[in-house]
Amino acid sequence: GLGDREAFVGAARDMNAAAVVLTYPHLVGLSDAQIAELIDSFGVTLELCAYGMHPSGSAGPLSEQEFRSALRLLNRVGPENCILSSDGGMEGAPQPPELLAWCCDRMLAEGVSAHALKMMTHENPRRLISARTQALGIQIL
């Protein structure tokens with residue numbers, strides 16, 4: 001349940017984790033409301049994975065449903081709380097740049113702005129990496 005996830009996020013924060021990223025939250029049974037609560041209450045970042053939405057990806061015949069679910073979550077929590085990754089690189093899968101390009105094209109066609117896509121593919125990942133490297137005393141440019 002959500003209580004376990006709240007405890008995990010709290011423990012990560014107690015250990016000075018720079019960030020907590022939630023990946024494939026529906027696979028562990030979280031509802032959209034629970035995902036939004038983790039983001040709102042704990043500052044968790046949601047990872048949207050292109051491979052899971054791609055027709056040849058991990059969701060297989062449910063890929064369109066996964067894509068619609070990602071759009072619904074994106075609209076609910078906002079692009080400022082999400083990163084978009086390829087989750088690619090597996091043998092037989094499309095290459096990561098191809099997956100990201102495919103997903104960005106699909107999202108643009110569904111009305112997601114280019115600004116939101118840049119935020120999820122560039123700005124938010126950079127912010128997460130910067131938080132981690134600062135915690136380690138490393139500066140990135």
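Give me the pairs, please: first residue somewhere in region 107-119 and small (Gly, Ala, Ser), second residue anywhere and modelled with pLDDT of 95 or more and open to solvent by less than 70 Å² (accessible area, probe 1.4 Å), beta-carbon distance under 6 Å, and either six or more positions apart or on two chains.
Hits for this filter: ALA116/PRO79.
Given the conditions (1) aliphatic (A, V, I, L, M); (2) modelled with pLDDT of 90 or more; (3) open to solvent by 10 Å² or more (accessible area, probe 1.4 Å), report the number of the one that ALA17 does not fulfil.
(2)
Could you please find all residues in region 22-79 being under 18 Å from LEU100 (Cα atoms) and of a type in the set (D, E, K, R)?
Scanning region 22-79 gives GLU47, GLU64, GLU66, ARG68.
With a cut-off of at least 2 residues that are open to solvent by 50 Å² or more (accessible area, probe 1.4 Å) and modelled with pLDDT of 95 or more, name the helices (runs of 4 or more DSSP H) lying wholly within region 58-136.
Output list reads 63-77, 96-109, 114-118.
Would you check if there is a residue in region 87-97 being more than 17 Å from the chain's Cα centre (by Cα) and within 15 Å of HIS26 (Cα to Cα)?
Checked against the condition, which is being more than 17 Å from the chain's Cα centre (by Cα) and within 15 Å of HIS26 (Cα to Cα), region 87-97 yields no hits at all.
Keeping to region 35-57, report how many residues are more than 19 Å from ASN124 (Cα to Cα) and surrounded by fewer than 16 Cβ atoms within 10 Å (Cβ to Cβ).
Number satisfying all stated conditions: 2.
The values are calculated or read from the model by the stated rules, or taken from the named source; none is laboratory data. Fair warning: this is a prediction, and the values are worked out from it, not measured in the lab. Here the Cβ is made from the backbone with ideal geometry for all residues, glycine too, and neighbour counts use every protein chain on show. Heads up: the accessible areas ignore ligands, DNA and RNA and are worked out on the full protein's heavy atoms, side chains in. Shrake-Rupley method; radii C 1.70, N 1.55, O 1.52, S 1.80 Å.
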